[in-house]
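Heads up, the thing below is written out as structure tokens.
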Amino acid sequence: LNPTVLETTERYLEEQRALVEKELERLLPRADEYPSSIHQAMRYSVFAGGKRLRPILCLESGSLFGGDGKNLVRVASALEMIHTYSLVHDDLPPLDNDDLRRGKPACHRAFGEATAILAGDALLTLAFSVLASPGPPSEACKLRVIHELADAIGTHGGMVAGQVADLEATARTIDAATLEFIHSSKTGAFFRAAVRCGALYTDATEADINRVTVFGEKIGLAFQIVDDLLDVLGSREKLGKTVHKDGHQNKATYPALHGIEESQRIASRLVEGACAALEPYGTRAETLRAIAHFLIVRTS
Ligand code: IPE
Ligand code: IPE
Ligand code: MG
Ligand code: MG
Ligand code: MG
């Protein structure tokens, strides 16, 4: 990305982030609603920060196919609720035991483990309530999106499968194929679902859906590779999370298995491949391509 495109992309992401946050504000329970501890914890983790990349990718994919912004921003917000649930649980002591998230004490550090577990559960549940709530689009369309998302975060090649494989690979030697499975499942599947759900809310054809599927899968894997790289090369201030943790915990990561430079090459190649899948849309897919490139040059 040249500096001008990078700046434009960052400004664009900022604007879209505001849209998503406005909707999240509307959809999340008020902090003072009884029992308030859980609502405070949910809001704390959602609004602690966060790049909102999955929702933004969903919005962008939907708008590529002429989707209705009002419908899309609801799915986008549901994605962010699910993502935040995954972070809250990922940080818990039996998982990654992380104290810092989005620049603040992790949910369980601020509210205790029991509340953090329940806040994760509640965010996950609320997301599906939002997706199933009355109103447009058609019920068939909503059902497809719900099915898509539930699968993407489940145990069949989805997020939970990846998280389990991640834990089981810790402090063990694994091969490149297993590592790719872990990253594609714990992170890639949800990125893929984010762009697919955007497209599913529109009149996109099966060919369109197939193209964004390839795009989402590749950027999702690249995103997790970069997350691994930032744990080695990034700063706590910019990331808002502890660094060098993967090394200390002996996590299975791309830099640990492939080295830093090769990991960077793999991530770049994936982004090139992702962008190539959107070739047929020409300049209409320019923003999606810019975001894809942003994912590998980001420092936060
Ligand atoms: C962190 O995701 C967890 C991973 C899947 C690597 P993000 O880097 O998107 O975290 P936020 O939402 O910006 O905090
Ligand atoms: C998390 O991967 C993937 C999730 C599904 C939450 P990491 O454990 O590497 O994410 P960070 O580095 O804690 O954000
Ligand atoms: Mg983890
Ligand atoms: Mg973690
Ligand atoms: Mg990480």
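Couple of notes before you dig in:
- A convex hull fitted to the Cα coordinates of segment 22-175 yields 130 cubic angstrom per residue.
- Only Lys, Arg (+1) and Asp, Glu (-1) charged, at Cβ; segment 1-48 dipole about Cα centre in debye: 120 debye
- Within the chain, the whole DSSP H helices whose Cα atoms reach 20 Å or more along their own axis and whose mean Kyte-Doolittle score is at least 1.0 are 113-132.
- Residue pairs exceeding 21 angstrom between C-alpha atoms, taken from Lys70/Lys186; Lys22/Lys241; Lys51/Lys218; Lys104/Lys245; Lys218/Lys245: Lys70/Lys186; Lys22/Lys241; Lys218/Lys245.
- Zero-based 20 Å bins, Cα pair distances in the chain, whole percents: 35, 60, 5
- Extension gain, Arg236 back to Thr178 (0.36 nm per residue minus Cα-Cα distance, nm): 18.0 nm
- Helix-only mean residue ellipticity at 222 nm for the chain, each DSSP H run of n ≥ 4 adding -39500 (n - 2.57), per residue, nearest 500: -22500 deg cm²/dmol
- Stretch gain in nm, segment Phe47-Thr299, where the contour uses 0.36 nm per residue and the Cα spacing is subtracted: 88.7 nm
- Shape category assigned to segment 6-100 from the gyration tensor of Cα positions, a/c cut at 1.5: prolate
- The residue among Pro280, Leu230, Pro255 whose Cα reaches farthest toward the positive pole of the charge dipole of segment 219-293, with charges on the beta-carbon of Lys, Arg, Asp and Glu, is Leu230.
- Simple Cβ-charge dipole of segment 242-300, Lys/Arg +1 and Asp/Glu -1, about Cα centre, in debye nearest 20: 160 debye
- Around the amide H of Arg101, modelled in the peptide plane, lie the amide H atoms of Ala106, all under 5 Å away and 5 or more residues distant in sequence or on another chain.
- If the segment from Lys22 to His147 were pulled out straight at 0.36 nm per residue, it would be longer than the present Cα-Cα gap by 42.4 nm.
- Here segment 88-127 is treated with +1 on each Lys and Arg Cβ and -1 on each Asp and Glu Cβ, and its dipole about the Cα centre works out to around 200 debye.
- Computed over segment 164-220: relative contact order in percent, which uses C-alpha pairs under 8 Å that are six or more apart: 40 percent
- Inter-probe distance in nm under a simple model that places probes 7 Å from Cα toward Cβ, at His156 and Thr8: 4.2 nm
- Percent of C-alpha pairs per 10 Å bin, segment 196-238, short to long: 27, 32, 21, 18, 2
Every number in this text was worked out from the coordinates using simple rules, so none of it is lab data. Remember, it's a predicted structure, so these values are computed and weren't measured experimentally. Glycine also receives a Cβ, built like all others from the backbone with ideal geometry; neighbour counts cover every protein chain displayed.
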